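The values are calculated or read from the model by the stated rules, or taken from the named source; none is laboratory data. This one's a predicted model, so the numbers in the text were calculated from it and none came from an experiment. With ideal geometry, Cβ positions are generated from the backbone for all residues, glycine too; neighbour counts draw on all protein chains shown. We work out accessible area using only protein heavy atoms, side chains counted, and drop any ligands, DNA or RNA first. Shrake-Rupley method; radii C 1.70, N 1.55, O 1.52, S 1.80 Å.
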Amino acid sequence: MRRKLIAGNWKMNGGLAANESLLKALMASVEVDVSEPVVSSEVLVCVPALFLAQCAELLAGSKIAVGAQDVSAHKSGAYTGEISSAMLADYACKYVIVGHSERRAYHHETDEVVAQKALQALRLGICPIVCVGETLEQREAGKTFEVVAMQLQAVMDVLDEGALARIVVAYEPVWAIGTGKTATPVMAQEVHAHLRSLLAQRDETVASKLRILYGGSMKPDNAVELMAMPDIDGGLIGGASLNAADFLAIIRAA
Ligand code: PGA
C-alpha cells in the first residue's frame, strides 16, 4: 500500500511572520492527528528557498517535512541566482518540486532540463516531485496522454530503476492550477493510471510503489473524492496550503 503524501506548494507567497503562524497552526493539529492511526499520511510543505532555514528550524522534530520548489540542473559553479541540490540538502530538504508548469511556462524549462533537475536532486538524496500536465489546448486536442508521456519519458530516460523508484510524480493539469477548475476524479484517475502503466512498462515493481499526486485546485471539498481513486496517492496543493484550516482538512481527507 502506498503511503499518501500531502504536499503544500506555497509558490511565491509567505513572509517570516506569516510562515511562523501557519506552521505553528499546522504542527498543533498534525502532531495530535498523526497519533491516531487514521492519519498516516506524510505531510510536506514546499517553501520559497529563502524560508528553508526558518521552516527547517520551526519544523525540526515535527511530523511535517520541508521541501523546495526548484533546484538547479547544474551541480555548482557560475550559475548566478541558482540554488544547488547540495545547498538544499544542507537545509534538511527532503523533497523538491521539479518541472512545475509555472516554471515550464514562465522560465522556459524543457523536459530535458526538468530531467537534469531530478537527477541533481537524487544525487543528494532529495526526492524530486516531477510535475507533468497538459494545457487546456492540448486536452481539447486530445493530446493529454501524449503530452504527459513525453514529460515523464524525459525523466525516465536519465534515471536507472533504482533512481526511478525514489521519485514522486505529480499530475497537474495546467488548466486546473489556481483556476478553481478541478479535473473530475475520473478524469484525473485516467491520467494517473496512464502514467502508472508507462512506469510499469519500465519496471512493474517500481510502478506499483511509486506515488502519483494530483494537483490543481485541490480543496477540502474535493480532496476525499480525488484521493479515493486507486491511482491518486496524495496531492500537491497550492492555494489551499496557505490556509491552515484548509490544508489540515485536506490532510484529514487523505
Ligand atoms: P493550486 O496549485 O492548488 O492553487 O491549483 C497547485 C500547484 O500549482 O501546485
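Points to keep in mind about this one:
- Filter result for Ala245 (open to solvent by 50 Å² or more (accessible area, probe 1.4 Å), more than 13 Å from the ligand (Cβ to nearest atom), at pLDDT 95 or above and in a helix (DSSP H, G or I)): yes
- Beta carbons closer than 6 Å, at least 6 apart along the sequence or on distinct chains, pair a first residue in the range 218-240 that is under 14 Å from Val191 (Cβ atoms) with a second that is among the small types (Gly, Ala, Ser) and open to solvent by 20 Å² or more (accessible area, probe 1.4 Å) for Asp231/Ala193.
- Meets criteria (among the basic types (Lys, Arg), without any contact (Cβ under 8 Å) to a residue 40 or more places away in the chain and either surrounded by 15 or more Cβ atoms within 10 Å (Cβ to Cβ) or part of a helix (DSSP H, G or I) (or both)) for Arg166: no
- In the set (1) in contact with a Leu (Cβ under 7 Å, 6 or more places away or on another chain); (2) under 16 Å from Ile167 (Cα atoms), Tyr91 fails one condition alone, (2).
- Taking residues in the range 140-159 that are open to solvent by 50 Å² or more (accessible area, probe 1.4 Å), and partners anywhere that are β-branched (Val, Ile, Thr), the pairs with Cβ atoms closer than 9 Å and at least 6 places apart or on different chains are Phe145/Val191; Met150/Val132.
- Taking the listed residues Tyr106, Tyr95, Tyr79, the one that is more than 18 Å from the chain's Cα centre (by Cα), modelled with pLDDT of 95 or more and within 16 Å of the ligand (Cβ to nearest atom) is Tyr106, with no other qualifying.
- Residue in the range 46-65 that is modelled with pLDDT of 95 or more, more than 16 Å from the ligand (Cβ to nearest atom), surrounded by fewer than 24 Cβ atoms within 10 Å (Cβ to Cβ) and among the basic types (Lys, Arg) present: no
- With a requirement of 3 or more residues that are over 22 Å from Val148 (Cβ atoms) and of a type in the set (Asp, Glu), the helices (runs of 4 or more DSSP H) lying completely within the range 16-128 that satisfy it span 16-33.
- When Ala183 is tested against (1) surrounded by fewer than 20 Cβ atoms within 10 Å (Cβ to Cβ); (2) within 16 Å of the ligand (Cβ to nearest atom), just one condition goes unmet, and that condition is (1).
- The set of residues in the range 102-128 being closer than 16 Å to Ile212 by Cα and either in contact with a Lys or Arg (Cβ under 9 Å, 6 or more places away or on another chain) or open to solvent by 10 Å² or more (accessible area, probe 1.4 Å) (or both) consists of Cys127, Pro128.
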